[in-house]
Amino acid sequence: MKSNLSNRVRGRVVAHALLAGCALSPLTVASAHARPDAATPVGAPRAPGAITGTVSQAGSGEYLDGASVSIPALDLSTVVDRTGRFSLVGVPAGTHELVIRYVGFPDARRTVTVADAPVTLDVAMTTGTGETAGEGAEIVVSGSRPIAESEAAALQIQRTSPSLVSVIASDSIGRLPDQNVAQAVSRLPGVGVQRDQGQARYITLRGAPINWTTLSIDGINVVSPEGRDARFDSIPSAIASQIVVRKAVTPDMTGETIAGNVDIITRSAFDYPGMKVQAKGGLGHVELGKKTEYEGSLVISDRIDTGIGEFGIVSSASLYRRGMVTDNFETDFEAVKEDKRPGYQTRNWARETENKLYRLTRKNYSLSTRLDWRPAPGHKLFAETIYSAFADDEQRNNYIFDLDDQQSRAPTGSAACNVNARPASGTTGYADVCTGNTPLLGTVYGVDLNANFTVRKYKQSVFTNTIGGDHELGEWKVAWRGNFTRSIDDRTQPAQLNYESPSFANATNRLTVGYDLTDPQLAKVQLFRTIRNADGTFSRGAQVTAIEDFPTSLTRLRSLKAQDVTEAYTAKLDISREASLFGAQTVFTAGVRYDDRTKTANENLLDINSAAQFAAAGISTNYAAIAKPGGFQGEIPLGYTFQYFNRDKVLGLVDQARSVASYQPVDANFYEVGERVYSAYAMATTTTNWGSIVGGARVEHIRNDARAFSIDAATSVATPVEAKSSQTLVYPSLHLNWDVNDRMKARLSFNTGAARPDYDQLRPNLTYNDANLTVSGGNPDAKPEKAKGVDAYVEYYTMPRGFLSIGAYYKDVTNVLFDSVQTFGSNILNSGGSDRSQYQFSTVLNGGKGYIMGIEGAIQQQLDPFTADLGLPDWMGGFGIQLNATINKSRADTPGTGDIPSRKVPLPGASDAIYNLIAYYEKYGFSARVSYQNRSAWLDAIGSVAKVGDTVRGVDGGDFYWAKDNELDASVRYAINGNFEIYADFANLLNGPGRRYVGTSTYTIEHETFGRRYTGGVRVTF
């Protein structure tokens, strides 16, 4: 069912803003060309007293973005923009010495005489010193030292930033070292990642929850297909020139962040002095399953000078594809009310254990184009479009051993007992210590086998389009942007087939399962025949290896078409003016912004579940009809063998099912959530001879509306429900930057921010997913998390590219949001023969107060500057290190309900420690890097706490955690010449698992490994 909410008249403000921006462009361009006889044309630098020019690298002509240009005697300074240009205004007449600084180069000094007209100065930096810098000294060869060049560019931007940032920058010929943004950013100080099937996906800053970090592209916040939990693995590095991680929130940033923002600065043709072509191609091997991966990218840019100004265009395309299988086991635990024997208070029994055995093809791909136009000095216009996508084409064999299927038969005695391996008559041994069973080791008889076979076509895409302009109007600067973004989360499952064992009345046709969960790294099962004895008890029969030897029948066939679409409109206008405040150079900036976002979820389901329907459609209920020859492609010891299914045959059954049923809208899973944000800010940046001060505030007014359907379980009648809310938030901040000396900078920041509930969390209904056996619920009354924080950092920059920093931070948080997970325990969603009472239910709840505090340190240095002093041979100068570590402590109060008091737990998603250790060698065109990343365990979701028997405890074993994550990667590159490079990448060398546990690390609930990956290829640049 479709709602008309997205058709509301919401575009007026956006349209007005975009029209104003479009109208501003020709007016400002026209003013730049008007009155050629005027003494000071609008848009030109102020005269007298202006110095303009460019800063580039000698030889290559590459622009040195972020280089600082200053006149120390006058306390005047500015920063070179990404197109290599700078402008110093308000310079008195006379002769002055300019100092130009860029990491990796000695300071360049130039003497300039200012009279009645603007002075133009172009500086080409080299490794010479003083007045000779840029005049015939040794030239750095572009592209031959990608790590060093990237370090230098990143440190320069970081050093001149007025707030706390970390930066990943492309090398001098525009390349980033990793396939996607998540992998690239993960090496920065304070950055950790959360992975999916061995691939970095989410970003956490300084150990904080992932929803505290926002994603933006060129300053425009982008809503991920999943919502506010920004995904970074779907964004290829091919589109990026820089990635700036902003750890301290300033007033010109949206307030919907607490930990910080990751801003992807896309490529512009004006980043390069002329035409540029870059291409990459690689082929690789995936160890697990012996699969293949390949990657490729192409970037082409050029600049064209015309009679109406200079144009620049850059286009890029990228593709990454790999085949995969996974080694997986999962176990769900529960506190069993029937278990009353001594010691029951701490026992959590495995209610089911399973294997999800994937075969899939994963793809990331992107296309982008950006057009820039400089119609006149001081004016820039651009239009940009980016499409990126992440897709999984998955086939899943899922075998669930339902150990608690007959939980109601479990003995309820409370006295101690002698061990007898044979369970009492009519019982299965589940949750029965009298049989010698323990929660982690034992035997259960007459177990139901649920075998689920799924074909899944999963795709997430982001299509973002931006137009904008930057204009210098005398002493005023105006910047405007308009953006439309559509994010799609396509959750389509073309087929899901469910096979089940016969009923318990035919227990001899069911499994007896011996389970051994004592090793957190491997769940072991053994399968046996079930023998029913004359006295009604059960015994273990012969061991069975082939799981298909146990009879199962098709009970349900489904095909789901599901898509969540988020449409976002943004319009923003920023105005700034430079002036003198108490004799100090000050830039006053103010801006307004409007965001209009709507997320809509729609599902249509084809569902047949009766023998009559199967017969009418001519569908066999025997698994042999869809099985294919061939063994398990993974390596985990399963304890049984099985046959994969044939994808084409499964999809053929769906086509047959369409002869007796049709796709129907799933009203229970429909929702639409809208959000409109009206914001304004004002700030001032004051530069003095000792540093700078940035201060101001942002005000945001947020309006939310949500629509869904409430389904009557008895009548299946859908009733529309709606929820609305609004709030106004104020975010003040103050940032102090003290230049202790030429190499040392101290930073102190006071900032505020918020993390709003995700869109699906604001829906006013319950939704279910039969494929994943989950129920999720919205909470339209959920409040945003609000934070106040302080950061104190000291940074020390050594020549030529060394860096040392240490800092501390503290954030105080209210209304902490928790993901809550528990067994659903209700039959209100049961329909069509499906019992959803045992599904995992998740929702979001506000807790009380919380905090996170920690320290962060980083060091990077190459040996090159010290080889002579240490008496080392020149070749040893290529060794270098990049080390960083973050140590955290966090606490938060969980929601308290009724008789269940609040508890203190770590902040969800917060790790106590994150560190990255990188060693590299780079010299003579050869570059090699080894990178180790470690993230300690973190809380994933709080578990339900209730009274089980006479004890208050975790219903499903406690709270849910991700275990620590260790990753080791390596790469090698060799530049044959300035245009041609060969490379090899080695990923996931430790082949460590993605593991979750409940309560304590003993109780593993999910464990997956994916295999090592090796890729080699070539890069060319012209």
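The values are calculated or read from the model by the stated rules, or taken from the named source; none is laboratory data. On a predicted model such as this, the values are computed, not experimentally measured, just so you know. Glycine also receives a Cβ, built like all others from the backbone with ideal geometry; neighbour counts cover every protein chain displayed.
Picking from residues in the range 732-788 that are among the polar types (S, T, N, Q), more than 20 Å from residue 816 (Cα to Cα) and in a loop (DSSP other than H, G, I, E, B), the one that is farthest from the chain's Cα centre (by Cα) is 741.
Table: residues versus (1) under 18 Å from residue 258 (Cβ atoms); (2) of a type in the set (Gly, Ala, Ser).
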| site | (1), (2) |
| --- | --- |
| 834 | no, yes |
| 839 | no, no |
| 843 | no, no |
| 849 | yes, no |
| 854 | yes, yes |
| 859 | no, no |
| 867 | no, no |
| 880 | no, yes |
| 902 | no, yes |
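Is the range 524-536 home to any residue that is assigned to a strand (DSSP E or B) and under 30 Å from residue 384 (Cβ atoms)? Within the range 524-536 (the criterion being assigned to a strand (DSSP E or B) and under 30 Å from residue 384 (Cβ atoms)), the answer is no, since none of the residues qualifies. Scanning the range 84-94 for residues that are within 27 Å of residue 268 (Cα to Cα) and at pLDDT below 80 returns a single hit, 89. In this structure, residue 208 does not qualify as surrounded by 23 or more Cβ atoms within 10 Å (Cβ to Cβ), modelled with pLDDT under 85 and not in a loop (DSSP other than H, G, I, E, B).
Given the structure, is residue 696 modelled with pLDDT of 90 or more, buried (at least 21 other Cβ atoms within 10 Å of the Cβ) and in a strand (DSSP E or B)? Criteria not met by residue 696.
For (1) surrounded by 19 or more Cβ atoms within 10 Å (Cβ to Cβ); (2) at pLDDT 85 or above; (3) in contact with an Asp or Glu (Cβ under 9 Å, 6 or more places away or on another chain), each residue gets a yes or a no:
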position	(1), (2), (3)
17	yes, no, no
20	no, no, no
30	no, no, no
47	no, no, yes
50	yes, no, no
64	yes, no, no
71	yes, yes, yes
76	yes, no, no
96	yes, yes, no
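Within the range 553-569, residues that are part of a strand (DSSP E or B) sit with their Cβ atoms under 6 Å from residues that are among the small types (Gly, Ala, Ser), at 6+ positions apart or across chains, in these pairs: 557/657; 559/495; 564/601; 566/487.
All of (1) touching a strand residue (DSSP E or B) at 6+ places or on another chain (Cβ under 6 Å); (2) crowded, with 19+ Cβ neighbours inside 10 Å; (3) at pLDDT 95 or above; (4) closer than 30 Å to residue 345 by Cβ hold for residue 441 with one exception: (2).
Evaluated against (1) among the aromatic types (Phe, Trp, Tyr); (2) farther than 30 Å from residue 162 by Cβ; (3) surrounded by 18 or more Cβ atoms within 10 Å (Cβ to Cβ), residue 681 falls short on exactly one condition, (2). Candidates are the residues of the range 748-760 that are crowded, with 22+ Cβ neighbours inside 10 Å and either farther than 21 Å from residue 676 by Cα or out of contact with any Asp or Glu (no Cβ under 8 Å at 6 or more places or on another chain) (or both); the one that is modelled with the lowest pLDDT is 757. Considering only the range 280-292, I want to know if a residue exists there that is under 27 Å from the mean Cα position of the chain (by Cα), assigned to a strand (DSSP E or B) and closer than 22 Å to residue 384 by Cβ. Yes.
Kindly evaluate residue 372 against the criterion of being touching a residue at least 60 places away in the same chain (Cβ under 8 Å), crowded, with 19+ Cβ neighbours inside 10 Å, not in a strand (DSSP E or B) and not aliphatic (A, V, I, L, M). For residue 372, the condition - touching a residue at least 60 places away in the same chain (Cβ under 8 Å), crowded, with 19+ Cβ neighbours inside 10 Å, not in a strand (DSSP E or B) and not aliphatic (A, V, I, L, M) - is not met. The set of residues from the range 460-509 being among the basic types (Lys, Arg) and surrounded by 19 or more Cβ atoms within 10 Å (Cβ to Cβ) comprises 481, 491.
The rows are residues; the columns are (1) within 26 Å of residue 328 (Cβ to Cβ); (2) out of contact with any helix residue (DSSP H, G or I) (no Cβ under 7 Å at 6 or more places or on another chain).
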{"position": "383", "(1), (2)": "no, yes"}
{"position": "400", "(1), (2)": "yes, yes"}
{"position": "408", "(1), (2)": "no, yes"}
{"position": "418", "(1), (2)": "no, yes"}
{"position": "427", "(1), (2)": "no, no"}
{"position": "440", "(1), (2)": "yes, yes"}
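In the range 664-674, is there at least one residue being surrounded by 14 or more Cβ atoms within 10 Å (Cβ to Cβ), over 30 Å from residue 79 (Cβ atoms) and of a type in the set (Phe, Trp, Tyr)? Yes: one or more hits. Among the conditions (1) on the phi > 0 side of the Ramachandran plot; (2) in contact with a helix residue (DSSP H, G or I) (Cβ under 7 Å, 6 or more places away or on another chain), the only one that residue 779 does not satisfy is (1).
Only one of the listed residues (422, 486) is part of a loop (DSSP other than H, G, I, E, B) and of a type in the set (Lys, Arg). That residue is 422.
In the range 579-601, the condition of being assigned to a strand (DSSP E or B), within 41 Å of the chain's Cα centre (by Cα) and closer than 27 Å to residue 624 by Cα is met by no residue. Kindly indicate whether any position in the range 917-940 is closer than 19 Å to residue 206 by Cβ, among the charged types (D, E, K, R), crowded, with 18+ Cβ neighbours inside 10 Å and in contact with a strand residue (DSSP E or B) (Cβ under 6 Å, 6 or more places away or on another chain). The answer is yes, given that some residue of the range 917-940 is closer than 19 Å to residue 206 by Cβ, among the charged types (D, E, K, R), crowded, with 18+ Cβ neighbours inside 10 Å and in contact with a strand residue (DSSP E or B) (Cβ under 6 Å, 6 or more places away or on another chain). When residues in the range 98-121 are screened for being in a loop (DSSP other than H, G, I, E, B) and either surrounded by fewer than 16 Cβ atoms within 10 Å (Cβ to Cβ) or free of Cβ contacts under 8 Å to residues at least 60 places away in the same chain (or both), 5 of them pass. In the range 649-660, the residues that are polar (S, T, N, Q) reach residues that are surrounded by fewer than 17 Cβ atoms within 10 Å (Cβ to Cβ) with C-beta atoms within less than 9 angstrom, at least six apart or across chains, in these pairs: 656/618; 659/616; 659/618. Residues in the range 676-714 that are of a type in the set (A, V, I, L, M, F, W, C) and over 18 Å from residue 572 (Cβ atoms): 684, 690, 693, 694, 706, 708, 709, 711, 713, 714. Any idea how many residues of the range 232-274 are under 27 Å from residue 362 (Cβ atoms) and assigned to a loop (DSSP other than H, G, I, E, B)? Going through the range 232-274 one residue at a time, the tally reaches 5. The single condition among (1) in contact with a Leu (Cβ under 9 Å, 6 or more places away or on another chain); (2) surrounded by fewer than 18 Cβ atoms within 10 Å (Cβ to Cβ); (3) modelled with pLDDT under 85; (4) of a type in the set (Ser, Thr, Tyr) that residue 127 does not meet is (1).
Quick one: in the range 444-459, of everything that is over 22 Å from residue 509 (Cβ atoms) and not hydroxyl-bearing (Ser, Thr, Tyr), which residue is surrounded by the most Cβ atoms within 10 Å (Cβ to Cβ)? So, considering only residues that are over 22 Å from residue 509 (Cβ atoms) and not hydroxyl-bearing (Ser, Thr, Tyr), the one surrounded by the most Cβ atoms within 10 Å (Cβ to Cβ) is 455.
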